[in-house]
1. By its C-alpha gyration tensor, with a ≥ b ≥ c as the square roots of the eigenvalues, how is segment 29-92 shaped: rounded for a/c under 1.5, else prolate for a/b larger than b/c, else oblate?
2. Calculated FRET efficiency, S169 and L23, Cβ-Cβ r, R0 35 Å, to nearest 0.05?
3. Under the Karplus relation 6.51 cos²θ - 1.76 cosθ + 1.60, θ = phi - 60°, what is the ordered set of whole-Hz ³J(HN,Hα) values for segment 58-65, x standing for Gly and Pro?
4. Based on a Kirkwood Rh over C-alpha pairs, give the Stokes-Einstein translational diffusion coefficient of segment 135-182 at 25 °C and viscosity 0.890 mPa s in µm²/s.
5. Mind checking the full-extension length gain between A52 and V152? Use 0.36 nm per residue of separation minus the Cα-Cα distance, one decimal, nm.
6. Skipping prolines and chain starts, which residues have an amide H placed within reach, meaning under 5 Å, of the one on I34, given they are 5 or more residues away or on another chain?
7. Taking amide hydrogens as modeled 1.01 Å from N in the peptide plane, which residues meet the under 5 Å criterion relative to V172, leaving out close sequence neighbours?
8. What is the calculated FRET efficiency for L71 to N119, with r their C-beta to C-beta distance and R₀ = 30 Å, to the nearest 0.05?
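Laboratory data are not the source of any read-out in this text; all were calculated from the coordinates shown. Everything quoted here is computed from the prediction, not taken from an experiment. Please note: Cβ atoms are built from the backbone with ideal geometry, for glycine as well, and neighbour counts cover all protein chains shown.
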Amino acid sequence: MLEPLLCKKGLVRFYDAIMQAVLRVFNFSLLKCIVVASPGFVKDQFFEFMYAEAIKTDCKLLFENKGKFVLVHSSSGHKHALKEVLQDPSIASRLADTKAAGEVKALQQFYHTLQHDPNKAFYGVQHVEKAAEEEAVEILLVSDSLFRANDVATRRRYVSLVEKVREASGDVKIFSSLHVSGEQLGQLSGVAAILRFEMPDLDFEDDSDDEDQIGAAAAIGND
């Protein structure tokens, strides 16, 4: 009987730690949707625990925002499962206006364009900068990690790229490097673009890095 009891106590500590993190970190006034995902019934048990504790402690903040929580099944508890969760049609409508959903949709659009109209899908900073100079960028996808580069010149380069695209009425999507979609974009050098019109036959003296990523782009796009 001791082992199940210890297991239960461990789960209670785990759920309490998550609940305290939610209360400490989340700014509910800025959040439209909070996805709780897990295999099995872990998500349901956590949700029941959290609101049982909210009743005990009279936590009005949780009750005021109860409708923002969405419970979703995932195949695993690893971070890569976020991709399948965010693509689940059952929650697409709830996430339609959120930043994370916008990032996933933009990345999916990029991969589709890369596969079906590759002259309108660029990645790698040299190619994307050239497209921006021609005011050809319709959607710019860029990782926030590039704005935290140690080299000041590198940070300024990407800030300038963003400003140039916006000045030409392009849409800029800044991806969180902590999100699964941001990690995928990072594998494509952290910057990519969907173009308004085709720009074939671009040549650069040193584009070996971009060439090395072609296979990775195709592989990720087919996941």
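1. On the way: a/c = 2.85, a/b = 1.61, b/c = 1.78.
The shape class here is oblate.
2. On the way: r = 41 Å, r/R0 = 1.17.
Computed FRET efficiency for S169 and L23 comes out at 0.30.
3. Along segment 58-65, the couplings run 6, 7, 5, 4, 5, 5, 5, 10 Hz.
4. Values: Rh = 11.2 Å.
Rounded to a whole number, D works out at 220 µm²/s.
5. Details: separation 100, 0.36 × 100 = 36.00 nm, distance 4.97 nm.
Stretched fully, the A52-V152 segment lengthens by 31.0 nm.
6. F69, V70
7. Sorted by chain and number, the residues that satisfy this are L140.
8. Numbers: r = 43 Å, r/R0 = 1.43.
For R0 = 30 Å, the calculated efficiency reads 0.10.
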